Every structure is written in C-alpha cells, then in structure tokens.
Amino acid sequence: MLEINNLKACIAGNEILNGLNLAVAAGEVHAIMGPNGSGKSTLAQVIAGHADYDVSAGTIEFNGKNILDLEPEERAREGIFLGFQYPVEIPGVNNAYLLKAALNARRQHDGLDEIDAFEFLKLAREKMAILGMDQSLLNRGVNEGFSGGEKKRNEILQMAMLEPTLAILDETDSGLDIDALKAVAKGVNDLRHPDRAIVLVTHYQRLLDYIEPDHVHVLFDGRIVRTGNKTLAHELEKRGYEWVREAATV
Amino acid sequence: MGTGGRNGMTAATVDTSRLRSVVDAFPADDLTDMRRDAVETFATQGFPTANQEDWKYTSLGDIAALSNEWLESANIQLTDVATDEQKPEVALTESVDVEWVVIRDGVVATGLPEIDGVEIDPISEDDLKDSPADDAMTAFNTALLRDGIRIRTRRSAQPERAIGILYSDNPSNAVVQTRVVVDVAESSTLQLIEVCTSSGPGRQFTNSILDARLKQGSKLDHVRLQNRQDEHSGVNRFRSLLAQNAVLHHNSFDFGGALSRNDVVAEIAGTGANVRLNGLYLSSGRQHIDNHTSIIHGVGPSQSEEEYRGILGGRSQCVFNGKVFVAEGADGTDSSQSNHNLLLSERAEIDTKPELEIYADDVKCAHGATVGQLDHSALFYLRSRGFSEDQARKILTRAFAEGTLSSLSIDACREFVATALDRKLSQLVDERNE
C-alpha cells in the first residue's frame, strides 16, 4: 500500500530524512520508534504533504501512485489520514461542522452522496461513546480549550469518522493518562481491517501494549536502522535508544 | 503631517456660496432656519482635512469634488422616485421579518409603520435642536437635510418586533443626507437595524447621522450593516447619550463602499450604564474603511466593552481609532477594548490606535490590538482533512469573523447579516486568486 524509497527531506536547509525506506502492506500495523530528533514527525508530515518540507530525493507511492506531487487535501481524499502530535485549535469553527464537512469532502471524492444530518450525528455519537468523549465537545470550537487527552481523542474521532485507508498517528499516546490511552487504543484497534494500514509513530513502547504492531522500525538520523517484530519494542524499552545509536554507528 | 490617505490629494473644499444658494432654493418648511444656520456653521470649517488628527488617514477630497459637481449642476433633482436599480434592493425588506422603513436618496419612501409602544414620525426642528450641531459633517447634513425620522418609544414599552431602516441610494441623487433621531424612554427597549445599500453606476456620497438618547434603565440594540456598491461612499455618525443604568449594544458591519467612515460616540452620563460596541469590517480591492469610536465615561461606576475585527484584502486600507475617555471622578469605570485584524494581502494596510484618556483614579481600562495573517498550521491541518486551500482559507477567515456575528443581539437579522458576510468573504478569498 505504502512504498517509500530512498526518501530525503529537509526543512529550512536542514536534512532530516536521509534515504529512508519503508514498505507497509494492507492489513498491517507498523510502529516507528526512535529518539527525539530522529525524523519521526518529519516522516509523518512529509507523507501528509506539509509544504514546509522539501523532498530532495526518493519516492512515496500510495497504492501504486506517486503522491509527492499531490496537494495535502488530495492525499487526504485518496485516503491518507494524519493524526497530529499537536492538534491545532481553531476557535470559531464548530467541531461537528469540521467533521461533517471533512467526511463529505471524502464522500464526494468517492462519488457518494453527502451524509444525512441525522445519520451523521448518530455515527459521531456512537464513535464518541467508544472513545469516552463528552458529547458536548461536538459543539465546541475545533480543539478549542480541549485538554491534551481530549485533543488526541478528537484526532481519533476524526479518523474513525473518515475511515482512511492509511492512518498515520503521530505521537498519539503522548500526554495521555492510562484511561485515555486505552480509549485511544480501542479506537485504533476498531479500525484495524485487512484493507487498511496503520502507522504508529511513537517514542515509547507503552502504546504498543494496547495496539499490537506487526512490524517495529527504529528510526535514527533520518533512516530506518533496524526492523523487527514487537519484541524489538520491548528490547528498546529495556536497553534505551543509546543501544540503537551504538548499533547504527558500527 | 498628513498624507491625505489614498483617496485623493485634493484640498477638501466645498464651494460654500454655491451651497448657500442651493439651500436658499429649498422649499420653505420648519427646518429652513436651521438649514441656513448650518450653512454658516459649515462655511467656517469646510470638510475636515488631513491636517486634523482624526482625519489623518481619510481624505474627503474626492467627496468634496463630487459635492461641488452636484451643487453646480443646474437643477438639483429632488426626485424621490425609485430607479429601476433600487427596486431589487428594496425587495430585501420582504425577506427579513422586521418593521421596515425605506429611505430612498434621503427621502422617506414608505408609510411609517405603526407599532405598539413606539411612535415613528417625520423629523422636526424640535427633534434636532438637542443634537450636537457644531461639527462640519453635521452642519453639512443639516444644511442639505430634506427628510428624516424620529423614533420614540413609550415609557416601559417592550416592542416585540425590531424596526429596520433601509437606506437605498442611487447616483441620480449624487449627494444624500440622512438623519434619524431615536429616543428610548425610561425602562423601555428598542431594537433597531439600519441597512445601507446603494445601486447604479457613477459616484455617490451619503452623509448619515443617527442620534440616540437612552433614558434611565432603557436598552437599545442597534445593528448597522453597510453594504454599498464599490463606487459609493459614506460618512456616518452614530451618537448616543446614556442615562442611569441604560444599556447600549451596537453592532456595525462594513462590507461595501469605496470610502466609509464611521464615527461612533457613546457618552455615559448616568451611573450603572453599559456600552457594548462590536464592529466587523471586511475590505477588498481599494476599499477604505475608517472606524473612529469614542466612549466617554462621564460618571462611574459604568462599563464599556468594545471589540472591532477587520479582514483586509487587496490594496485596501482600514483605520481603527478607539478612544476611551474617563472623566474626573468617574470612579468605578470598567472598560475593555480590542481590535484584531487579519491581513489576507501583503498590500493591505491597517492603522490601529487605542487612545485612552483617564482622569479618574479607581478605573480598570484594558486594551489590545493585533494584526496577523492566517495561521499556516491551521491551514495545513484543514487541508490534511481534505479541504482545498481555498476552502480552508474561507473556513479560517469565517472563523475569525464568527465571534462578531455571534455577538449580534437582534435575532431577526442574523441570517441576513451572515449571508452578506459570506458573500463578502467569498469575494475576498477569490480576489487572492486573481
């Protein structure tokens, strides 16, 4: 589904990704781990199409199609979803409005009719209940005054409503207490599907106790230096990133 | 040193001898003496110029030139027949559920509605004699005043429906004066909507004045929407005087016009009075919108709260000057003011200035002004959810204006204002792509 080859990307002249390769197949859950500054968030942002990053080499193919020339909204409509590490507060834009309009943009792209207002509310309330979200958040400004946990749950709510083909979740676990973490994990696990892939970008192994990955990659200095199964995450937890650093420099 | 703004460098002088003979030719009525006095008051001043601090950024040069052309045209038409272009504008009165009065080219064009608890009459000399008369624009207005209305509530009246005044102007009368006097009686309430429209090709200028007196414990909700055509200009004065425990809530929306200048003056003369001013201005192309507000806390305790927001595109220029004056002894004054601006174009310009004059000790006065652009991270966030760049810009721009809309105190005009706002926002976002 996702094929990244020799990807190099920089921001303001600083090279962050330095020949990265990654292949994600439908039905799989991948975890990308690594120390701070290794390029995890950059990778997530580059896949989503953030204009601040310059891609100087390499390719990103999504379902056989090169997406590097696509605008962020085109990638989204193709089925790529980025759950933000720092969801943006947008006062004055109603959360329900955003959800519904985003869903309809996707449906229009897929040649479907707009969702009926009643159906939409029913669906949103259902998903919010699963995520343990207060229903009143639907009528607030997007992320406006939300707590850290509410913001992350709101990202997962958007994902659950949009049902992307590829979901990239950037540090979705950071700042969550254990109840929020479980709720978010439940939201993600509910979305697991043979036609769908999920990439979890995370600093800690903790999230992987609740969402079991098929593959774990370690990112270091803008490249994937190690790939394994979930035991790699445990090993990292035990030995720390210093161990990878040593391994990478050998 | 003033540059005269961008609206012409010509000296703003109106030919007063021509003005005098035009005024002398008006049919005699009970305003005749007042008009003649006003001509003399005007003659000593002329239109304000950039040399006056309050008019530093806004030049009336072009408007003075237009006024001279109009004064010189051999016969000044005093027609009050609607042109074909004006008819569709008037039709909007049917879609908004308030009691409408249509003032076309400065002349009342409809019957005056009858509402329980409210009297609406043609304006008379008596109605005007208590209004401030010594500034040039008021004198110009009085000198050329043909018609106007006085709205007066009865004591304790709480009329159910709002009153709407639709101004529909057309260059067939290139220079128009409008005048409204509002008396809100003790313990009564009034909801008043003013909609300023214009139509037809050519230049046009309207000089409008609304004076409101709010008696003890009364409340006035006032909404003014200015949506003139591109070539048409207006200078507007809204003055209010508040007695004890009176409440004024003023919402202004400026979307249209070539040059628009608003002077809003709210004078608190009784303890416990409360003033709330909310403004929104959207400018595109080469529009010029100047808001000068002045809140006078003559006594305390009293409260004022002011928020103006602007969205500027193209090569437009806007001005916000917010004066708060707290008189000696007006202790317990609580005042806050903010002005936030969103620049959608590098060539747009905002000049914003708070002006606080405080002569009392026990006061709370807060103010703040910001000028910014659309938040890039919010734009990317929305695009990552499938919105096009244009859609995302529209959503964020609308969000910036949303607070002003939700502060609207008259429900009947909410949809109408929102529609006008959305139309203007689309124009602003599209302008960027041209």
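The values are calculated or read from the model by the stated rules, or taken from the named source; none is laboratory data. The shown structure was predicted, so the numbers you read here are calculated from the model rather than taken from an experiment. Glycine gets a Cβ as well: all are built from the backbone with ideal geometry, and neighbour counts include every protein chain shown.
Things worth noting here:
- Pairing residues of segment A:151-168 that are more than 17 Å from A:P194 (Cα to Cα) with residues that are in a strand (DSSP E or B) and β-branched (V, I, T), at Cβ distances under 8 Å and at least 6 apart in sequence or on separate chains, gives A:N154/A:V142.
- For segment B:217-229, the criterion of being under 10 Å from the mean Cα position of the chain (by Cα), without any contact (Cβ under 8 Å) to a residue 40 or more places away in the chain and assigned to a strand (DSSP E or B) is met by at least one residue.
Condition check ((1) without any contact (Cβ under 8 Å) to a residue 60 or more places away in the chain; (2) not in a loop (DSSP other than H, G, I, E, B)) across all residues:
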| residue | (1), (2) |
| --- | --- |
| B:T93 | no, yes |
| B:D97 | no, no |
| B:S131 | no, no |
| B:T138 | no, yes |
| B:R155 | yes, no |
| B:R161 | no, no |
| B:T178 | no, yes |
| B:E194 | yes, yes |
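- Test: residue in segment A:116-130 that is within 11 Å of chain B (Cβ to nearest Cβ) and surrounded by fewer than 15 Cβ atoms within 10 Å (Cβ to Cβ): no
- A residue that is modelled with pLDDT of 95 or more and within 11 Å of B:V363 (Cα to Cα) occurs nowhere in segment B:304-312.
- Candidate set: segment A:158-204, residues that are among the charged types (D, E, K, R) and within 14 Å of chain B (Cβ to nearest Cβ); chosen: the one nearest to A:A31 (Cα to Cα): A:D170
- Scoring A:A185 on the criteria (1) hydrophobic (A, V, I, L, M, F, W, C); (2) out of contact with any strand residue (DSSP E or B) (no Cβ under 9 Å at 6 or more places or on another chain); (3) in contact (Cβ under 8 Å) with a residue 60 or more places away in the chain; (4) more than 20 Å from A:G79 (Cα to Cα) leaves a single failure, condition (3).
- Unique match (being among the aliphatic types (A, V, I, L, M), crowded, with 20+ Cβ neighbours inside 10 Å and assigned to a loop (DSSP other than H, G, I, E, B)) among A:I156, A:I211, A:I198, A:I168: A:I211
- So A:L138, is it without any contact (Cβ under 8 Å) to a residue 60 or more places away in the chain and either part of a helix (DSSP H, G or I) or of a type in the set (K, R) (or both): yes
- Considering segment A:1-95, the qualifying strands (runs of 3 or more DSSP E), each wholly inside and each with 3 or more residues that are within 26 Å of B:F387 (Cβ to Cβ) and under 14 Å from the mean Cα position of the chain (by Cα), run over A:80-83.
- First in segment B:386-412 and under 19 Å from B:F253 (Cβ atoms) and more than 9 Å from chain A (Cβ to nearest Cβ), second anywhere and polar (S, T, N, Q) and surrounded by 21 or more Cβ atoms within 10 Å (Cβ to Cβ), Cβ under 6 Å, 6 or more apart: B:T404/B:N278; B:S407/B:N278; B:L408/B:N251; B:I410/B:Q191
- Of all residues in segment B:395-419 being of a type in the set (S, T, N, Q) and over 20 Å from A:K100 (Cβ atoms), the one that is surrounded by the most Cβ atoms within 10 Å (Cβ to Cβ): B:T404
- Close pairs (8 angstrom Cβ cut-off, 6 or more residues apart or separate chains): over 30 Å from B:K424 (Cβ atoms) in segment B:296-317, assigned to a strand (DSSP E or B) and among the hydroxyl-bearing types (S, T, Y) anywhere: B:H297/B:S304; B:H297/B:T333; B:H297/B:S335; B:G300/B:T333; B:P301/B:T333; B:S302/B:T333; B:Q303/B:T333; B:Q303/B:S335
- Just one residue in the set B:D362, B:D331 is in contact (Cβ under 8 Å) with a residue 60 or more places away in the chain, away from chain A (no Cβ under 14 Å) and surrounded by fewer than 23 Cβ atoms within 10 Å (Cβ to Cβ); that residue is B:D362.
- Set A:E89, A:E73: member being within 11 Å of chain B (Cβ to nearest Cβ) and surrounded by 18 or more Cβ atoms within 10 Å (Cβ to Cβ): A:E73
- Residues (part of a strand (DSSP E or B), modelled with pLDDT under 95 and surrounded by fewer than 23 Cβ atoms within 10 Å (Cβ to Cβ)) located in segment B:196-216: B:T197
- Here A:M133 clears all of (1) on the phi < 0 side of the Ramachandran plot; (2) within 14 Å of chain B (Cβ to nearest Cβ) except the condition numbered (2).
- Of all the residues in segment A:98-115, those that are surrounded by 15 or more Cβ atoms within 10 Å (Cβ to Cβ) and either of a type in the set (G, A, S) or more than 8 Å from every other protein chain (Cβ to nearest Cβ) (or both) number 9.
- Summed over segment B:366-385, residues that are of a type outside the set (S, T, N, Q) and more than 10 Å from every other protein chain (Cβ to nearest Cβ) total 7.
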